[in-house]
Structures are given as structure tokens and as C-alpha cells.
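Notes follow once the structure below has been shown.
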Amino acid sequence: MRFVQFRLLSDASKKTRIGLQEAKNGGIIDLSDALSSSQSLVQALTNFGMENLIDKAKSMIGKQSINNSMCALLAPITSPDKVVCAGMNYKDHCIEQGVPIPEEPIFFTKFPSSIIGPFDDIQYPDITKELDWEAELAVVIGKKGKNIDADKAKDYIFGYTVAHDVSARDWQFGKNGGQWLLGKAMDGFCPLGPCVITPDEIHDPHQLAISCSVNGELKQNSNTSQIVHNSYYCISYLSKFCTLLPGDVILTGTPPGVGAFAKPPQFLKKGDIVECAIENIGILRNQVV
């Protein structure tokens, strides 16, 4: 199943609605009435529980869908408790930089407020001159967990989505005392979507083509098989330090081909269109403005 958040173009209130997107035609089955106590997918996971939410959604399959031309897709996850990102987590990306492959995961965070929709504009912050792209596979947590065993981590995954870890490299590497936070967590620095696809529709999340293009030119082209610490291990490792909650988003790293390590370096400019794609999940398409 492909869970989405959307709004009806005809709705002047611009209310966020929860839906299932049909894979064949992109039509959306509106789940909002069945989930009337929840204003977002994060709330629905919290209020109903992952298993009950999925059961409710299954009962709606086959219902009349809304033509996708009448809807605007939003980020499928908004206002989660945490957005956690794994750095240096692709073997080929480490080789690109000439650095050792980390023996343990390296984590940093983005503010939940950095999340924008799959087709929203990325506002170029005046404070940076080195805006870069990073396509990433993201995992969405489905239920509360602490000290999770790696072999049980699958049971805590609600689904997978595409993320764009937009990065201000001057603030990530050269300023703020070497701390990555400000370079990673500015407004609009986490496009997400277009859907959260449940694990039953992904044969192996660690065997998916992943790519990023800028203005149609392919920049990143790899496979999630290159991930160092897979999503299950990341969930288990993180849960030793903090309680994972429904809706939490974990970005699992980016492959080689980012602008900062090109020779010479390349950075985004206003007007650029960035497309991040992952096999079987979907595409983000965001313009820098």
C-alpha cells in the first residue's frame, strides 16, 4: 500500500487528508473519514496503532478513488517527533571521499520543520552559497520501540519513502564549529515523498536503484545494496539511545555524486530542478527558487 497525505485542490481550507494512492493510475482513496480522529498520518499511527491503521486501509481498497488531477500531494509524513539521518553510510560514497567505511553508524538530525512536499519549491537560503543535493532512502517507524534487536527491527517499520537531504556545505563543514546541524536543518531541507510504501510491496529495501539528477543531468546513480549499516541495524542502534516513536523518519545515507565532491565542486542555483528517485517508491521533483 502507498500511504499519502494530500489536499483537494477545490478545498479552500487546504485541509490535509490521508489517503491510499493506487499504483496503476495514481488515483487516491480518501481515508480521512475512517480516520476522523487523526489530522495526519503520524497522528493516525499514534491513535490507531500501525497494525490497526493498515487493517483499516485494507478495508478501503476498492472504494471509489479521487482522480489525482484533483489533488495536491503533500509530504506523507509531517511533524514527526524525530528526523534522524545516517552519514557516510554508502560504501561507494566513502570511496568517493577517500575516507574509511564507518564501523558504527554516524547520526545527525534535521528539524521536523525542514520537511516539505515531494513537489514543493526549495527556498534558497540567503545565508549559504553552497547548496548541495543528496538522494536518500528513508524509513518511517510504525510503533514505539526502545532497545530493539536488529532481527526484530522489521516489525517496527511502517514503510519506506524517498528523501532529499538538502545540505548547505559551507555551514556543514566550514562554520558552526564543525557541527553539521545548521547545514542540514534549514527550512525546506527535507523534501519527502511522494508516498510511504509498506514493506510488503518492497521485496528488499537494500536492493533498490537510487538516483539524483539536476536539470535532467544524472548526478547520483547507485543502489541501496551499497548501504553500510542497513535500515534494520540503524533502527536497532538508534533505539539504544532514544525511544523511537510512530512517524519518526530515518534517512539512511546517500550514494556518491554529490556536488561538494565533484571536481571542481558543483552547487545548486536558483532555477535548478532536482529529481531524487528510488526504484518502486517514486520521485521527488523540487525546484530551487
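Observations
- LYS270, sole failed condition from (1) in contact with a Phe, Trp or Tyr (Cβ under 6 Å, 6 or more places away or on another chain); (2) surrounded by 16 or more Cβ atoms within 10 Å (Cβ to Cβ): (2)
- Only one of the listed residues (GLY282, GLY247, GLY257) is closer than 17 Å to ASP132 by Cβ, assigned by TED's automatic domain parsing to the domain that holds HIS203 and modelled with pLDDT of 95 or more. That residue is GLY257.
To keep it simple, each residue is scored yes or no on (1) outside the structural domain of ILE101 (by TED's automatic domain parsing); (2) under 21 Å from THR109 (Cβ atoms); (3) in contact with a Phe, Trp or Tyr (Cβ under 7 Å, 6 or more places away or on another chain).
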residue: ILE141; (1), (2), (3): no, yes, yes
residue: ILE148; (1), (2), (3): no, yes, yes
residue: LYS152; (1), (2), (3): no, no, no
residue: CYS190; (1), (2), (3): no, yes, no
residue: CYS195; (1), (2), (3): no, no, yes
residue: SER213; (1), (2), (3): no, no, no
residue: SER236; (1), (2), (3): no, yes, no
residue: CYS242; (1), (2), (3): no, yes, no
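- Qualifying positions in segment 239-276 - in a loop (DSSP other than H, G, I, E, B), among the hydrophobic types (A, V, I, L, M, F, W, C) and under 18 Å from the mean Cα position of the chain (by Cα): LEU245, VAL258
- Taken together, GLY193, GLY183, GLY188 contain a single residue that is within 14 Å of the chain's Cα centre (by Cα), surrounded by 20 or more Cβ atoms within 10 Å (Cβ to Cβ) and outside any strand (DSSP E or B), which is GLY188.
- The lone exception for ASN47 - which of (1) at pLDDT 95 or above; (2) outside the structural domain of GLY27 (by TED's automatic domain parsing); (3) not basic (Lys, Arg) it fails: (2)
- Index of the failed condition, ALA150 passing every other in (1) farther than 19 Å from HIS229 by Cβ; (2) of a type in the set (Gly, Ala, Ser); (3) touching a residue at least 60 places away in the same chain (Cβ under 8 Å): (1)
- Count of residues meeting criterion [within 16 Å of the chain's Cα centre (by Cα) and assigned to a loop (DSSP other than H, G, I, E, B)] in segment 196-205: 3
- Subset of segment 17-36 that is part of a loop (DSSP other than H, G, I, E, B) and touching a Phe, Trp or Tyr at 6+ places or on another chain (Cβ under 9 Å) - its residue that is nearest to GLU201 (Cα to Cα): LEU31
- From PRO76, PRO118, PRO80, residue being surrounded by 20 or more Cβ atoms within 10 Å (Cβ to Cβ) and closer than 20 Å to GLN220 by Cβ: PRO118
- Pairs, first touching a residue at least 60 places away in the same chain (Cβ under 8 Å) and in a helix (DSSP H, G or I) in segment 224-238, second surrounded by fewer than 22 Cβ atoms within 10 Å (Cβ to Cβ) and among the charged types (D, E, K, R), C-beta under 6 Å, six or more apart: GLN226/LYS91; GLN226/ASP92
- Hey, GLY87 modelled with pLDDT of 95 or more and touching a strand residue (DSSP E or B) at 6+ places or on another chain (Cβ under 8 Å) or not: no
- GLN39 satisfies every condition listed in (1) within 23 Å of the chain's Cα centre (by Cα); (2) outside the structural domain of TYR156 (by TED's automatic domain parsing); (3) not in a loop (DSSP other than H, G, I, E, B) except (3).
- Selection status of LYS14, of a type in the set (Lys, Arg) and part of a loop (DSSP other than H, G, I, E, B): yes
- Of all residues making up segment 15-63, the number that are over 23 Å from ASP155 (Cα atoms) and among the acidic types (Asp, Glu): 3
- Selected residue (only one of ASP81, ASP120, ASP126, ASP151 is acidic (Asp, Glu) and either in a helix (DSSP H, G or I) or in contact with a Lys or Arg (Cβ under 8 Å, 6 or more places away or on another chain) (or both)): ASP151
The values are calculated or read from the model by the stated rules, or taken from the named source; none is laboratory data. Keep in mind that this is a model prediction, so the values were computed, not measured. Cβ sites come from the backbone with ideal geometry, for glycine too, and all protein chains shown count toward neighbours.
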